[in-house]
Amino acid sequence: MSVSLSLTVNDEAVNAQVDARTLLVDFIRNNLALTGTHVGCDTGQCGACTVLVDGNAVKACTILAVQANGSKITTIEGLAKNGELHPMQAAFKDCHGLQCGFCTPGMVLSAIDLVQRHPDADEATIRAELEGNLCRCTGYQNIVKAIAQGAAAMRG
Amino acid sequence: MGNSELNTVGQSVRRKEDYRFLTGCGQYTDDVNPPHHTHAYFLRSPHAHANIRRIDTAKAKAAPGVVAVYTGADLTGVNGLPCGWLITGTDGQPMKEPPHPVLAQGKVRYVGDGFAMVIAETPAQAKDAAELIDVDYDAVPAVVNPVEALKAGAPQIHDGAPGNKCYTWALGDKAAVDAAFAKAAHVTQLDIVNNRLIPNAIEPRAAVASYSRADDGYTLYVTSQNPHVERLLMTAFVLGLPETKVRVIAPDVGGGFGSKIYLYPEETAMVWASKRVNRPIKWTAERSESFLADAHGRDHVTHAELALDPDGKFLAMRVHTTAAMGAYLSTFASCIPTILYATLLAGQYTTPAIYCEVTAAFTNTAPVDAYRGAGRPEATYVVERLVHAAASEMGIAQDEIRRRNFIREFPYQTPVALLYDTGGYDACLDEAMRIADVQGFAARKAEAAKRGKLRGLGYAAYIEACGLAPSNIAGTLGARAGLYEVGQVRVNPTGGVTVFTGSHSHGQGHETTFSQVVASRLGIPIENVEIVHGDTGRIPFGMGTYGSRSLAVGGTAIIKALDKVVAKGKKIAAHLLEAAEADIEFKDGKFTVAGTDRSKAFGEVALAAYVPHNYPLDKLEPGLDETAFYDPTNFTFPAGTHICEVEIDPDTGKVAIVNFSACDDFGNIINPMIVEGQVHGGVVQGIGQALLEQCVYDQESGQLLTGSYMDYALPRADDVPSFKVTTKVTPCTHNPLGAKGCGEAGAIGAPAALMNAVHDALSAAGVTYLDMPATPHRVWSALQAAKH
């Protein structure tokens, strides 16, 4: 069954017809060719597919595309403006908060959501809030550091 | 290296590759979408061990969207997957190498063993059609534990491997060891299980195979750590294709940790099928497939003994290990528990006699192969658990027993074949103790005791051997591949430099580290250097990245190629400057006539090489493009001390890591930020093994019980603390960078340090032995058992 969708992705209006069972992550990757959103587990546990839906971090493998109808979605491709990294992206680079880069888009978007809810998060809070995002490369230490630095930069 | 501001060696230069990863512009295999591509799905055995009486694919072939369905019977002329290392047993016989079919035929040997491939227009159609394949299984008993597999009466997995034995292999002087044990003042014994792990790179394995009628050639995008090795094995050994007709591209790869070294069945079947269906085929593993069918790591059962004199000096070590190979021999499975394990049993110590015997067993499980550290974590765990236990039993302080036995004179020939070129073990131990505040531990332990908590401190003084080499000696030990690396430095006419390396980055940051090396050597900005890797179509034959070899071996190959570039540049500059070649010096990006201010910039020489109007064409070829292959003369030997402090809640059995300190000696360091990141990641994988991770198969059914992230506890951010990591330097003596390698150290040192800390904490409560992982249930149960 095909359904029609109308939503905003990275500030651009998108209208599409999709199979009703299409997951949001597959819609983003396959229909929109925004391949920065990754699939690491397809069971909702690794967080590599995290995007912002109306500003909130959502694992895009856990909802259907149709559930995002009318929403405003930000993927990793939509963060940098005019080639300038978002403060959280810049902090990840500065703190070496990424290695292979596969979990990184989800980490960065989760981090932005985290900082929105906990602008002054300490290390324990950051670690607890990262429960839903797996990284196998960094040991998390520099991700935690990056999020604290990115939070400070976002506070201005 | 030059001294100008362009020399960034030793600086934490931020990574060149980060922009694309941070903006979603990375290109991983699953991001590759050739026009008109199809999707593959592999049907896998639900049984650990079963004869397949019949497969009926008729309904699947007729299902919507299906392009083709293949079983093993269709793969005529396709050989099995080869093993890259021949181990010769103590009986003088070669190891047993039963066939490893691309698609299982007649029999399946583990849960996840693939035996049919469905190709369809969409992934869902392929998966739906696979459910229509009718299979008549005759399930037979399975055995998943390597010790059980070797017992009489165990289910037989391969006709060609009686008793499920692959080999029994030994290293060391058994008579000398037995004699030393006979006169020992003290003998420490341990029975150790090194738990099976599932690597779990966050990017699942994936492949995209295409066939072109235009040139009868194939292109394979694949999640590989070593695309040339993949191509060689696939073409020459399995598919019988010319190497010239297959291009293997490993684009951005999302973590490997060993699991992406190997030639796997899936991509092999896809390359074969891409010509038959004449359309590109794509497959990306679901995470449950990664758990089932990626090569696993570790899985050793060991009895280990250490003989000591009355002063705690080590006299001898005797080790018997049973190692699981899984259902089939993966690409390098056989050399992990032998060449990369027994040779490391000297550790940092002068133990004069060591004997190690290893029996490798086939089991009804996923294949076992190298996983971060690969044999060396298992060796360090044996050595450092023995040392900890011996010190405890003899009442010697943990640092003191290590100091009494440290190797201090180099080069040092161990009794297990390795020649350590250099090291400084006291310095790392001292520094690790300082940053761990060992002096304050007694007070912290007393304070914890007041709160009813058990504190413990554990040491691991590890050594590893990296940059496996040299090729000729490895060849005599059974290696079926070379162990060199290649570097090609292509200077462009305008002075920019493109470097082609056989090393492969899947998170290590080669584009940055190698650029630092090249830019510093040539005196040019890092931005003018481009590193290219992972494409057999662009790079000379290289060996890829594994065993912490990239900088020490791959970096050295680049240095050797740079030397050739500079040497040729001097000839060109001598001509341009009308001076003798011997008088030309190269420094800070300039070719200068010694003792004068007459010079030519690197870019001017490059331009002259490609626009050779004023050029010694009678004596010198135009162009500036040099290649070097580097085959190391020895391993490198990174070493260090890791110290872990834990606090255990006896009411719950939960182990909290309150402090983890590491002082490592990786030789010279190009980028400290990247090195620290490697240590962090390695340590957390080591902590994962010691505290959280364990692959569990049901002993009866052979079903994988830890087949998802809800069952297999991958470390999460709140499972671990931040670490204190630092380094000491003794430069490697036999490569020009003085580099040793840092990728695996964390995973090697951390498990022993953590488990020694757990044992230290639990010893007061009477617990004497615990295997990894030290889960709350295990710790609590051990504490209860000790009470009774």
If we ask which residues in region A:53-67 are away from chain B (no Cβ under 14 Å) and under 15 Å from the mean Cα position of the chain (by Cα), their number turns out to be 7
Filter region B:1-47 down to residues that are of a type in the set (Phe, Trp, Tyr) and within 13 Å of chain A (Cβ to nearest Cβ) and give me whichever is surrounded by the most Cβ atoms within 10 Å (Cβ to Cβ).
-> B:Phe21
Which fully enclosed strands (runs of 3 or more DSSP E) of region B:189-292 have 3 or more residues being within 14 Å of another protein chain (Cβ to nearest Cβ)?
-> B:281-284
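Rundown of residues vs (1) crowded, with 16+ Cβ neighbours inside 10 Å; (2) closer than 30 Å to B:Leu576 by Cβ; (3) aliphatic (A, V, I, L, M); (4) not assigned by TED's automatic domain parsing to the domain that holds B:Tyr420, yes/no style:
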position: B:Ala608; (1), (2), (3), (4): yes, yes, yes, yes
position: B:Leu620; (1), (2), (3), (4): no, yes, yes, yes
position: B:Gly623; (1), (2), (3), (4): no, yes, no, yes
position: B:Ala639; (1), (2), (3), (4): yes, no, yes, no
position: B:Asp664; (1), (2), (3), (4): yes, no, no, no
position: B:Gly667; (1), (2), (3), (4): yes, no, no, no
Give the number of residues within region B:729-788 that are among the charged types (D, E, K, R) and closer than 21 Å to B:Arg376 by Cβ.
-> 3
Which listed residue is more than 7 Å from chain B (Cβ to nearest Cβ) and of a type outside the set (A, V, I, L, M), from A:Lys81, A:Lys93 | A:Lys81
Candidate set from region B:669-687 (those that are more than 9 Å from chain A (Cβ to nearest Cβ) and of a type outside the set (A, V, I, L, M)); member that is surrounded by the most Cβ atoms within 10 Å (Cβ to Cβ) = B:Gly686
Got a number for residues in region A:47-72 being touching a residue at least 60 places away in the same chain (Cβ under 8 Å) and under 21 Å from B:Arg20 (Cβ atoms)?
-> 4
Residues in region B:773-788 that are part of a loop (DSSP other than H, G, I, E, B) and free of Cβ contacts under 8 Å to residues at least 24 places away in the same chain: how many?
-> 1
Looking at B:Pro123, B:Pro101, which is the one that is closer than 24 Å to B:Ala58 by Cα and within 14 Å of chain A (Cβ to nearest Cβ)?
-> B:Pro123
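Would you kindly identify the strands (runs of 3 or more DSSP E) lying entirely within region B:472-556 that contain at least 1 residues that are free of Cβ contacts under 8 Å to residues at least 24 places away in the same chain and not assigned by TED's automatic domain parsing to the domain that holds B:Leu340?
On the way: elements: B:485-491, B:497-501, B:529-533.
Strands (runs of 3 or more DSSP E) meeting the threshold: none at all.
Against the definition (crowded, with 24+ Cβ neighbours inside 10 Å, in contact (Cβ under 8 Å) with a residue 40 or more places away in the chain and in a helix (DSSP H, G or I)), how does B:Ala573 come out, yes or no?
Against the criterion (crowded, with 24+ Cβ neighbours inside 10 Å, in contact (Cβ under 8 Å) with a residue 40 or more places away in the chain and in a helix (DSSP H, G or I)), B:Ala573 does not qualify.
Residues to consider are B:Ala443, B:Ala427, B:Ala432; find the one that is assigned to a helix (DSSP H, G or I), surrounded by fewer than 18 Cβ atoms within 10 Å (Cβ to Cβ) and touching a residue at least 12 places away in the same chain (Cβ under 8 Å). Steps first, answer last, please.
Working: B:Ala443 fails: touching a residue at least 12 places away in the same chain (Cβ under 8 Å); B:Ala432 fails: surrounded by fewer than 18 Cβ atoms within 10 Å (Cβ to Cβ).
Sole residue among the options that is assigned to a helix (DSSP H, G or I), surrounded by fewer than 18 Cβ atoms within 10 Å (Cβ to Cβ) and touching a residue at least 12 places away in the same chain (Cβ under 8 Å): B:Ala427.
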Answer yes or no as to whether B:Phe591 is among the hydrophobic types (A, V, I, L, M, F, W, C), surrounded by 24 or more Cβ atoms within 10 Å (Cβ to Cβ) and not in a helix (DSSP H, G or I).
-> yes
Inside region B:735-772, can you point out the residues that are over 21 Å from the mean Cα position of the chain (by Cα), part of a loop (DSSP other than H, G, I, E, B) and farther than 30 Å from B:Val517 by Cα?
-> B:Ala764, B:Ala765, B:Gly766, B:Val767, B:Thr768, B:Tyr769, B:Leu770, B:Asp771
Hey, among the residues in region A:23-52 that are more than 9 Å from chain B (Cβ to nearest Cβ) and among the polar types (S, T, N, Q), which one's farthest from B:Ala201 (Cα to Cα)?
-> A:Asn31
For region A:6-17, indicate whether the set of residues that are charged (D, E, K, R) and within 14 Å of chain B (Cβ to nearest Cβ) is non-empty.
-> no
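The values are calculated or read from the model by the stated rules, or taken from the named source; none is laboratory data. Note that the coordinates shown come from a computational prediction; the quantities given were computed from them, not determined experimentally. Cβ coordinates were reconstructed from backbone atoms using ideal geometry, including for glycine residues, and neighbour counts include every protein chain displayed.
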